[in-house]
Amino acid sequence: MHTHEGMGNGFETSVTLLVLVLLLVYPVAAWKTNNHYRRWPIHRYVFWGSGVLSAGAALVGPLADWAHMNFTGHMTGHLLLGMLAPLLFVFAKPVTLLLRTLPVQVARRVTGVLNSQPLRLLTHPMTATVLNIGGLYLLYTTGLYSMMHQSTALYALIHLHVFLAGYLFTSALIYIDLTPHRYSHVYRASILILALAGHKILSKYLYAHPPGGVGKAEVEQGAMLMYYGGDVVDLALIIILCYHWYEATAPRLQPSETVEMRKE
């Protein structure tokens with residue numbers, strides 16, 4: 001199908017260095033802030049490391065080589081880079097850690113930028129969904145998929161978009177990290193349903209209409225992986241959103257009721 005040789009060693013080296021830097025910077029920043037704030041939870045380190053490695057595996061190494069030769073491999077990388085890694089990153093709460101790390105005055109400026117109208121628009125659930133799902137339609141229903149394997153710059157740009165759009169989408173639907181907006185659970189659930197439907201429709205479209213230059217058998221396997229493999233992360237999003245919804249609406253026991261229950 002395609003060869004990985006066109007990407008060159010420079011791309012792989014850059015990604016590898018970025019992965020190593022990200023794996024190092026996060027724990028150092030967390031450790032540094034432990035002297036001034038509540039100790040950073042261990043599980044956040046695990047989420048961050050797993051997210052970085054998931055994204056890195058999609059871009060360099062055996063999986064990346066397979067992705068250049070086989071559409072099923074490409075779709076495996078897509079699930080790691082565009083769905084699993086963003087979810088893990090959101091649970092690592094990088095924005096919260098960044099604000100903990102920065103000096104107070106700088107942190108206030110960053111908060112101002114995060115609360116600015118352009119950032120509010122960019123992180124709006126509907127905008128994030130259009131960027132995420134719409135970007136995939138653009139990739140697979142035009143000539144972009146074939147073109148990106150012939151250009152290192154385009155390849156890097158598209159994969160950067162896949163990750164960032166996935167991260168924006170995830171952070172806009174489940175409020176784990178700091179966010180400039182707070183939309184209702186009903187609204188976010190409706191957006192999630194639309195996004196899931198769009199993802200499913202695209203996978204079925206791919207099954208019937210392979211991108212140019214890709215064998216039908218490969219596309220059928222890749223489309224099925226997209227359809228069913230995405231369900232795992234989608235289910236996680238649904239469970240998290242529903243759990244937060246339950247927490248927000250569950251009746252709270254009054255102190256007097258709690259005492260009576262203990263007596264019984």
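For the range 55-129, the percent of C-alpha pairs falling in each 5 Å distance bin, counted from 0 to the bin holding the largest distance, reads 3, 14, 14, 15, 15, 13, 12, 8, 4, 1.
Between the range 203-242 and the range 136-179, the alpha-carbon centres lie 15 Å apart.
Extending 7 Å from Cα along the Cβ direction at Trp66 and again at Val28 yields two label points whose distance is 3.3 nm. For the range 118-150, the residues whose amide N sits under 14 Å from a probe point set 7 Å from the Cα of Tyr205 along the beta carbon direction are 130-145. Each Lys and Arg Cβ is given +1 and each Asp and Glu Cβ -1; about its Cα centre, the range 1-146 then shows a dipole of about 1020 debye.
Result for the chain in a Gaussian network model with C-alpha springs under 10 Å: among Ala55, Ala189, Ala172, the largest mean-square fluctuation is at Ala189.
Within the chain, which is the longest segment containing none of the trypsin sites (Lys or Arg not before Pro) that sit in a DSSP loop and have at most 11 other Cβ atoms within 10 Å? Don't skip to the answer; put the middle values down first.
Values: sites that count: Arg38, Arg39, Arg182, Arg252.
For trypsin sites (Lys or Arg not before Pro) (loop position, at most 11 other Cβ atoms within 10 Å), the longest site-free span of the chain is 40-181.
Computed from point charges on the beta carbon alone (+1 for Lys and Arg, -1 for Asp and Glu), the dipole magnitude for the chain about its Cα centre is near 1040 Debye. The relative contact order of the chain comes to 23 percent, based on Cα pairs under 8 Å that sit 6 or more residues apart. Among His36, Val95, Ala128, which residue has its Cα furthest toward the positive end of the charge dipole of the range 27-164, with +1 on Lys/Arg Cβ and -1 on Asp/Glu Cβ? Of the candidates, His36 comes out farthest on the positive side.
Dipole magnitude for the range 120-264: computed about the Cα centre from +1 point charges on Lys and Arg Cβ and -1 point charges on Asp and Glu Cβ, it is near 280 debye.
Between Val21 and Leu196, what length comes free when the chain is fully extended (0.36 nm per residue of separation minus the Cα-Cα distance, one decimal in nm)? Please list the in-between numbers first.
Working: separation 175, 0.36 × 175 = 63.00 nm, distance 3.35 nm.
The Val21-Leu196 span can extend by a further 59.6 nm.
Footprinting exposure proxy ranking of Thr16, Thr249, fewest other C-beta atoms within 10 angstrom first, gives Thr249, Thr16. Can you find, among Gly222, Val46, Leu202, the residue sitting farthest towards the positive end of the charge dipole of the chain, where Lys and Arg contribute +1 and Asp and Glu -1 at Cβ? Farthest along the dipole direction, towards plus: Val46. Under a plain spin-label model, where a point goes 7 Å from the Cα along Cα-to-Cβ, how far apart in nm are Asn35 and Ser116? The two pseudo-label positions are separated by 3.2 nm.
Tally Lys/Arg at +1 and Asp/Glu at -1 over every other residue whose Cβ is under 15 Å from the Cβ of Lys32; what's the total?
Numbers: positive: Arg38, Arg39, Arg44, Arg100; negative: none.
Taking every other residue near Lys32 into account, the sum is +4.
The numbers here are math on the coordinates, done by the rules we state, and not lab data. Values in this document were obtained by computation on a predicted structure and should not be read as measured data. Cβ coordinates were reconstructed from backbone atoms using ideal geometry, including for glycine residues, and neighbour counts include every protein chain displayed.
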